[in-house]
Every structure is written in structure tokens, then in C-alpha cells.
Amino acid sequence: MSFNFFLLIFILFVLLPDLLNRYHITVRAVQVSCPNIREILNLLYGKLPRYTYSAELAFIISLLLTYFAVKSELSFASYLPLVTFGYIAHLNSKELFDTPSNSFITILSFFILYSFFVKALEFVFIESNWDVVFKNRRFIFLGPYFINPYTGDEIWRFWPPFYVFLVIFCAGYGTLSESKVKFLLPYSIFCLALIFLIGYDSDYYSYKNGMKISNRNYEATESLFLLAGALILGLISYLLMHQRCKILEEFQVNYIQQVLILSSFLSFIGMLFLLDPPGDEGVKPSYWGGFVLNLIFAFGSLVIGFGIGIALAFGRRSSLPVFYVPSVAIIELFRSGPLVAWLFFAQFLVPDLFNPVWEADIASRIIFVFALFFGCYLAEILRGGLQTVPHGQFEAATALGLSPTQIKLRIQLPQAIRTTLPAIVGQMIAMLKDTSLVYFFGVYDAFKATKDIPSQRDFLAEYEEPLVFVAFLFWAVAYYLSRLTTKIEKNLGLDNEGGAGRT
Amino acid sequence: MSEESIIQTKDVTVSFGDFQALKGINVDIKQGEIIVVLGPSGSGKSTFIRTLNRLQPHDGGEIVVDGIQINEDTTVSDLKQLRSDIGFVFQQFNLFPHITVLENIALAPQKVRGMSKEEAEEVAMKLLERVGIPEQKNKYPAALSGGQQQRVAIARALAMDPKIMLFDEPTSALDPEMIKEVLDVMIDLAKRDITMIVVTHEMGFAKEVGDRIMFFDEGHLVEESTPDVFFDNPKEDRSKLFLEQIL
Ligand SMILES: Nc1ncnc2c1ncn2[C@@H]1O[C@H](COP(=O)(O)OP(=O)(O)OP(=O)(O)O)[C@@H](O)[C@H]1O
Ligand SMILES: [Mg+2]
């Protein structure tokens with residue numbers, strides 16, 4: 001790589017002389033020219049004008065040039081980005097090159113970051129063949145059953161939930177009192193991505209375990225119409241809600257938000273019923289798959305786990321051994337074992353335990369284990385939150401005549417959840433990522449799908465790209481969730497109110 | 001003021017470990033009476049009024065409030081009935097921060113008295129007007145000033161239509177300019193037929209509206225007299241000392 005060479009040159013001819021010069025060490029060989037880095041940069045770029053955004057602009061140009069350099073593989077092109085990076089260095093030279101050690105750190109970290117970046121670009125744009133991901137995109141998102149030519153019609157079952165969730169979701173954004181651009185810009189990018197993913201009809205099929213994995217009978221036009229309908233409805237619901245929340249008072253907005261959260265829970269349950277209604281109709285959970293399955297697992301365990309967590313948290317705080325002992329036992333037991341062990345437990349032991357009463361399929365058993373696991377961690381988080389609720393709250397509620405249960409659910413719990421929200425979301429994200437463990441058990445989640453793709457005839461041994469893609473999916477959702485909580489926290493006023501401290 | 005007793009205690013004691021905070025308290029409070037409880041810090045004033053709705057269990061003696069004997073054997077429903085008939089106002093307001101002012105006031109009438117939401121909010125609205133801040137109904141407590149919060153707390157207690165109101169230093173956590181607005185509400189309340197027990201350091205209030213002063217010191221009820229006697233001509237040396245210190 002020419003950059004290492006360049007680095008060496010740089011150290012020998014620029015950095016070292018600079019160092020020596022500053023410490024008044026004269027070495028015969030370099031005595032002739034001992035330029036200071038800042039002077040050099042000033043010499044090179046001093047005449048260029050500065051604008052408010054010149055650094056940002058130069059940065060974007062540098063990135064583009066780097067991409068060009070990587071793409072074109074021309075040797076001179078690899079020096080071009082250095083020119084613009086140099087300009088950025090010149091703009092910030094006061095901070096970056098003020099002392100010799102800072103100069104050294106700047107240049108070293110620049111080259112480390114830069115070579116990582118170049119390597120990543122090479123992987124993403126040159127070495128990888130994203131075709132494998134693109135052609136298998138439906139497979140990765142939905143698993144084999146819904147894209148099989150014979151059973152793929154069942155995919156309609158995802159459309160109504162998609163509509164409902166999108167509307168709820170956009171309405172939720174409408175309740176955050178933010179400028180429209182902050183929603184509309186990401187939303188349009190989201191729309192374009194979806195249109196591209198759904199609309200681009202790549203004709204492809206392959207065989208896997210005798211099951212045909214195909215896009216062949218996939219009708220893009222119909223799906224596009226459905227998608228467009230959903231996206232427009234989402235937009236409308238956002239705009240209406242945004243309009244409405246401007247004139248509503250804070251408490252009414254909070255009320256709407258609670259209704260939205262509740263309705264998303266209900267629609268989730270509705271979605272499960274639509275996927276597998278009682279009776280012979282529908283798609284059995286063992287046929288569900290893909291990233292959607294990971295999301296279903298995560299959301300389902302979230303809903304059930306919340307119930308478990310709340311019960312355990314209060315159980316643990318109870319002074320009655322009947323509640324206290326089992327709660328502590330469950331919490332300590334489940335938190336001390338690795339999740340994989342509990343999943344194995346769900347796979348092999350739970351059927352034997354439950355079968356006479358309830359013939360649980362693998363999906364429900366897995367959700368059950370995730371919910372328990374999540375519930376135990378949540379219980380500990382909530383317990384911490386409950387401890388921060390001032391005792392005066394309990395006294396005031398008691399003095400009004402509220403019963404202990406009413407006090408717990410109406411006074412203490414809401415306050416505990418508010419103060420521990422960041423930790424709760426952190427636990428949610430952890431659980432979402434943990435759902436990838438289910439691929440050990442033959443459940444067709446996103447990771448199982450990616451693991452099977454390299455055995456397709458056309459993509460033999462193409463392991464990396466699907467894995468990177470799925471990792472990216474998980475990252476994107478997790479990152480999005482954590483961004484969302486910061487928003488919600490601001491909205492709750494947690495950052496300035498200081499919890500319940502004032503009362 | 002009728003001659004009917006509403007609160008009677010006999011030899012009430014409360015201990016925290018080895019320390020005895022109340023050392024045998026005997027009172028007899030008539031319906032509609034305004035009692036002002038005075039005493040130095042740590043004398044057991046708070047402990048005493050907290051025993052009356054069993055926020056603080058007592059370990060000796062007898063307490064009868066509104067005909068209900070309060071002790072370990074009091075049934076849950078009796079206790080609930082009792083507490084809903086006694087309003088309590090705290091020094092630290094203790095409003096519920098996660099719900100609005102209106103909801104703070106309307107919560108207990110719905111959950112304890114079984115009122116409908118509309119009814120409860122109507123009651124709440126009337127009380128907010130009475131304490132002078134109807135325009136704040138949809139705010140959250142944190143957005144209110146201390147004086148406003150305490151007035152909401154009083155309204156919240158009144159929403160249960162209590163027979164007895166207990167105040168534990170309701171103005172001690174307030175900035176001086178806010179004390180008056182809370183005292184005004186209490187003075188207005190005192191004119192109605194409600195029994196009030198007020199722990200306070202506001203001597204003006206004690207003189208003006210108190211029917212009787214109870215002076216506590218070191219867990220004893222040292223002196224019981226009318227405000228005139230207590231402030232001008234106290235019977236006990238310890239009362240004199242106390243008055244000298246604070247006046
Ligand atoms: N929960 C408790 N545990 C231990 N000691 C307590 C407790 N509550 C009160 N005490 C003690 O009981 C005594 C009386 O307390 P109390 O709060 O009734 O005093 P007070 O007259 O209300 O004083 P102040 O004017 O400071 O509020 C004090 O010495 C206090 O330290
Ligand atoms: Mg006190």
C-alpha cells in the first residue's frame with residue numbers, strides 16, 4: 001500500500017525535522033531544511049479563501065475523492081484526497097499541530113483511520129458482491145416460507161400490520177414537537193429505500209433443501225401500490241398529528257402517546273393473530289422467519305417481559321416471604337445462567353414439562369424464555385427506579401386512602417419507569433441482539449438465513465456479505481432505538497426536571 | 001363548634017428503638033375545632049399528628065378517631081375509610097409529579113370514592129378555583145411555584161371531602177412571599193365546619209384562627225390553652241421559654 005510508504009516519507013522529511021527544529025537540535029543532514037508543519041500548510045493553502053463551511057465541504061470532497069481513488073485504482077488518484085485533507089488540516093492547524101507531540105498524534109491517528117476507511121471502502125465497493133444480499137433480501141427479511149412460490153401468497157398477512165404500525169409510528173413522531181424537516185427528511189429516505197427494495201424486481205431462484213427460494217412469481221407492481229398506500233397514509237397520519245399536537249396541551253399529548261404505545265402493543269398481538277389465526281388457516285410460527293422474526297421475538301418478549309419484570313420488581317420489594325422468596329429465586333436463577341443455556345432449556349426440557357397442559361411450539365417457548373430473561377433484568381432496573389421514588393409519595397398516597405396496589409401501579413411504577421427509561425431501552429436493545437441466538441435451534445431467523453445463503457447454487461461460499469448486512473440491520477435498529485430514547489427523554493423533561501426530586 | 005369529640009387519645013406512646021418520641025399524649029378534640037400544635041424541633045409534633053391517620057403506628061395507648069379505634073386490629077376497610085376522611089398536608093407538598101394538577105386532585109376521589117372521572121374532575125375544578133389557581137389545572141406540578149404546589153396539595157386533600165384536616169408545617173418549605181397565599185387558603189378553610197390540626201411556626205396564624213394551642217416538648221403535651229392565654233400568660237415555664245426564644 002502506497003500510504004505506508006507515504007507515511008514513512010512524511011515522518012522522515014516533515015515530522016522529524018519539525019521536532020528537531022523545535023527542540024533546537026541540529027543534525028547536519030537536515031540542517032538545510034527544517035520546515036515547520038504549520039508553515040508548510042500555510043505555504044500550501046494560505047492563499048485559499050475560507051468560508052463558513054469550507055471544512056465540511058472539504059471533508060465531503062475528500063471522502064468522494066477517496067472513493068474515487070479506491071474505485072479507479074489509479075495510483076496517482078490515491079494522493080488526491082490527501083490534498084483536500086491537507087486543507088482541512090490547515091484550517092485546524094492551530095489545534096492539530098500546536099506541539100510536536102500533538103502533530104505526531106494527529107498524523108498517526110489520521111493514517112490509521114484513513115487506512116481503515118480505505119479498507120472498508122474496498123470491502124464495500126470493490127471486493128464484495130452485494131448481489132447475494134440484494135437477491136436474497138426477501139429471504140433475509142422474511143425467511144423461506146413467505147418467498148416460496150407455492151406458499152408465498154401468504155405474504156399478504158404482513159401488509160395489514162405494516163399499515164397499522166406505520167400509521168401508529170408516524171403519528172408517534174407527530175406528537176414529538178419537532179420541526180417537520182426532522183421527520184420528513186429521514187422519512188423520505190426511508191420511503192425511497194423501501195420502494196427500491198420492494199420495487200426492484202430481480203428475477204432469481206435457487207434450490208435449498210428441496211425448497212425453492214425464488215423471486216420468480218413476485219409481483220412488484222401490486223406490492224408497490226400497497227407500499228405507496230402505506231407510505232402516504234403514514235405521511236398523512238404524521239401531518240394530522242403534528243397539526244393537532246401544536247394546539248394541544250402537554251398532558252393531552254402525553255395521553256395520546258400513551259394511547260399510541262398501548263395500541264402498538266395491541267396491534268402486535270393482532271399481527272400474531274393475523275399470521276396464525278386459531279384453526280387451520282394461517283402460517284404456523286415455525287414457518288415464520290427472517291429479520292421480521294427477530295423483531296417479533298424481541299417485541300413479544302418485551303411485552304410479556306414487562307409484565308414479568310414489574311411483578312418481580314414488586315415481589316422483590318415486598319416484605320412478605322411468600323412474594324419475596326420466589327421473586328429473588330427467579331431473578332437470581334435466570335440472571336446467573338447464560339441465555340443460551342435457557343434457550344436449550346426451552347428447546348429440550350420445556351416441551352416435556354408443558355406438553356400435557358399446553359403444546360407449545362418452538363416460537364412461543366423461545367419468546368417465553370426471552371421474556372423471563374428480560375423480565376429478570378427489568379425487575380432489577382425497576383427496583384432501582386422504585387427506590388428513587390421518594391417515600392413522601394407513598395405517604396401522600398396512603399394518606400389519601402389509596403390501596404397498596406393502587407399506590408404501586410399508579411404512583412410508584414410510572415415514576416420508576418420514567419427515571420429508568422434509558423436503562424430499560426438499553427436492556428431492550430440487548431435483548432433484540434440476543435434474539436440472534438435462536439439460530440442455534442433451527443429457527444429461521446435472519447442469522448440462520450444468512451448462514452444458509454452460501455449454500456445456494458449461485459452464491460457458493462459467499463459468507464461475508466450477508467453477515468455484514470444482517471449485522472448492519474441489527475445495528476441500525478439498535479442505533480435507532482437509542483436515538484429515539486434520547487428524544488423521548490427530552491420530551492419527558494427528564495433532563496431538566498431531575499426526576500421527582502422537587503416534590 | 002359542637003361538643004362532640006372527634007378525636008380522643010389516651011396515653012399514646014410512640015418509640016423509635018430506645019427513643020420515645022411520644023410519652024403519653026391525652027387529647028380530646030371537638031368537632032370543628034381548630035387546633036394549633038406548637039413546640040420546638042424534635043418535640044414530637046409530626047409524630048403525633050401522623051399517628052392520627054396511622055401513617056405512624058403507635059405502640060401504646062388508645063386513639064379513637066371519628067368513632068373508629070385505631071390500632072393493629074383496625075380492619076383494612078376501616079383504615080381506608082378513616083384515611084379518606086382525614087386530609088393530610090405535608091411540609092414537602094408530595095404532589096404526584098407524573099400527572100397533572102387536575103389529575104392529582106381527581107385521582108383519589110375516583111380510586112377511593114369510586115366517582116366517575118367527570119364527577120371527580122368537576123370536584124377538582126371547584127377546589128382549584130377555591131384555592132385560586134384554576135388556570136394551572138393542566139400543568140405538571142414541577143411547573144408550579146412552591147406556594148401553588150402547596151395549594152394544590154390542600155385541594156387534593158379537600159377533594160376527599162374530609163372531616164378532619166391535618167397540616168404538618170405547610171408553610172415551612174416556602175419562600176416568605178408565598179406563605180401568605182397558603183395561609184389565606186387555610187384561614188378560609190378554618191371558617192367552615194371542619195376540624196383542623198395545624199403544626200406550624202406561624203404565630204400570627206395561631207393567634208388569629210386557633211381555638212386552642214397545644215404545646216409539645218420532648219414528647220409531652222406540656223400545655224393546652226386558648227391562644228390568648230398561651231401567648232400573653234402561659235401557664236408553664238417551658239412554654240414561656242419557647243415563646244421567648246421565638247418572639
Ligand atoms: N422514623 C423515625 N425513626 C427514628 N426516629 C424518629 C423517626 N421519626 C421521628 N423520629 C424522632 O422522633 C422525635 C420527634 O420527631 P418529630 O418529627 O415528631 O418532631 P417535630 O416536633 O415534628 O420536629 P420538627 O419541628 O423538626 O418537624 C425526633 O427526635 C426525631 O428524631
Ligand atoms: Mg415535624
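Can you give the average number of partner chain beta-carbon atoms within 10 Å of each beta-carbon in peptide B:82-94, as a whole number?
That works out to 4 on average.
B:Asp66 label point, 7 Å along Cα→Cβ, cut-off 14 Å on backbone N: hits in the stretch B:135-160?
B:157-160
Using Cα-Cα distances under 8 Å and only pairs 6 or more residues apart, what relative contact order does the stretch B:1-157 have, in percent?
19
Tell me, what is the per residue accessible area of chain A in Å², probe radius 1.4 Å?
Per residue, chain A has 54 Å² of solvent-accessible surface.
If I ignore ligands, DNA and RNA and count only protein heavy atoms, how much of A:Cys191 is accessible to a 1.4 Å probe, in Å² to the nearest 10?
20
Nearest-5 percent of antiparallel DSSP beta bridges in the protein assembly as shown?
Here the antiparallel bridges make up roughly 60 percent for the protein assembly as shown.
How big is the protein assembly as shown along each principal axis, measuring the range of its Cα positions in Å and listing the largest first?
Principal-axis extents of the Cα atoms in the protein assembly as shown, largest first: 105, 85, 51 Å.
Using only Cα atoms and rounding to the nearest 10 degrees, what angle (0 to 90) does helix A:100-121 make with the longest principal axis of chain A?
That helix lies at roughly 60 degrees to the long axis.
B:Lys111: which lysines have alpha carbons under 20 Å from its alpha carbon, excluding same-chain residues fewer than 8 sequence positions away?
A:Lys408, B:Lys80, B:Lys126, B:Lys137, B:Lys163
Determine the calculated [θ] at 222 nm for chain A from helices alone, applying -39500 (n - 2.57) to every DSSP H run no shorter than 4 residues and normalising by the residue count; nearest 500 deg cm²/dmol.
After summing the helix terms and dividing by residue count, I get -22000 deg cm²/dmol.
For peptide B:98-104, compute the average count of partner chain beta-carbon atoms within 10 Å of each residue's beta-carbon.
Whole-number average of other-chain Cβ neighbours for B:98-104 is 4.
Run the reach check for A:Lys94 against lysines, Cα to Cα strictly under 21 Å, same-chain hits fewer than 8 apart removed. What comes back?
Output for A:Lys94: A:Lys47.
Which order do the peptides B:114-122, A:84-92 come out in when sorted by mean C-beta neighbours inside 10 angstrom, highest first?
Those peptides, ordered most packed to least, come out A:84-92, B:114-122.
Just to confirm the number: angle between the C-alpha axis of helix A:54-72 and the first principal axis of chain A, 0 to 90 degrees, nearest 10?
Around 90 degrees separate the two axes.
Could you name the lysines in cross-link range of A:Lys182, using Cα to Cα under 20 Å and dropping any fewer than eight places away on the same chain?
Correct list for A:Lys182: A:Lys246, A:Lys487, A:Lys490.
If I model a spin label as a point 7 Å beyond the Cα along the Cα-Cβ vector, how far apart are those points for A:Thr405 and A:Leu460 in nm?
Label at A:Thr405, label at A:Leu460, 6.6 nm between them.
Let me check I've understood the local charge: for A:Phe314, count other residues with C-beta under 14 angstrom from its C-beta, Lys and Arg +1, Asp and Glu -1. What total comes out?
Net local charge, A:Phe314 excluded: +4.
Given a Förster distance of 56 angstrom, what is the FRET efficiency for A:Glu127 paired with A:Glu281, based on the Cβ-Cβ distance and rounded to 0.05?
My answer for the efficiency is 0.75.
Chains B and A: what accessible area do they bury, summed, in square angstrom to the nearest 100, with a 1.4 Å probe?
When B and A are taken together, about 2400 Å² of accessible area is lost.
Is there a quick way to get the dipole size of the protein assembly as shown? I mean about its Cα centre, with the Cβ of Lys and Arg at +1 and of Asp and Glu at -1; what is the value in debye to the nearest 20?
2480
Counting only heavy atoms of protein chains, what accessible area per residue, in Å², does the stretch B:61-105 have with a probe of 1.4 Å?
Solvent-accessible surface per residue comes out at 38 Å².
For Cα pairs less than 8 Å apart in space and 6+ apart in sequence, what is the mean separation divided by the residue count of chain A, i.e. the relative contact order in percent?
Computed value for chain A: 14 percent relative contact order.
Provide a whole-number value for the mean count of partner chain Cβ atoms within 10 Å of the Cβ atoms in peptide A:401-409.
4
How many nm is it between the label spots at A:Tyr150 and A:Phe162, if each spot is 7 Å from the Cα in line with the beta carbon?
If labels sit at A:Tyr150 and A:Phe162, their model points lie 2.5 nm apart.
Measure off, as a whole percent, the carbon and sulfur share of the 1.4 Å-probe accessible area of the protein assembly as shown, all protein chains present.
Carbon and sulfur together cover 62 percent of it.
Using a basic spin-label model with each label point 7 Å from the Cα along Cα→Cβ, how many nm lie between B:Asp175 and A:Leu240?
Distance between label points: 4.5 nm.
Among DSSP beta bridges whose residues both lie in chain B, state the antiparallel percentage, nearest 5.
Taking every DSSP beta bridge within chain B, about 55 percent pair in antiparallel fashion.
Threshold 20 Å², probe 1.4 Å: give the residues of the stretch A:371-399, in number order, that are less accessible with all protein chains present than with their chain alone.
A:Gly392, A:Gln393, A:Glu395, A:Ala396, A:Thr398, A:Ala399
Could you work out how far helix B:176-190 tilts from the main Cα principal axis of chain B, as a 0 to 90 degree angle to the nearest 10?
So the inclination is approximately 90 degrees.
Rounded to the nearest 500, what is chain B's calculated 222 nm mean residue ellipticity when only DSSP H runs of at least 4 contribute -39500 (n - 2.57) each, over all residues?
Value at 222 nm, helices only: -11500 deg cm²/dmol.
Among B:Met196, A:Phe110, B:Phe93, which residue has its Cα furthest toward the positive end of the charge dipole of the protein assembly as shown, with +1 on Lys/Arg Cβ and -1 on Asp/Glu Cβ?
A:Phe110
The values are calculated or read from the model by the stated rules, or taken from the named source; none is laboratory data. What you see is a predicted model; the values in this text were computed from it and never measured. All Cβ positions, glycine included, derive from the backbone under ideal geometry; neighbour counts span all protein chains shown. For accessibility, only protein heavy atoms count, side chains too; no ligands or nucleic acids. Shrake-Rupley method; radii C 1.70, N 1.55, O 1.52, S 1.80 Å.
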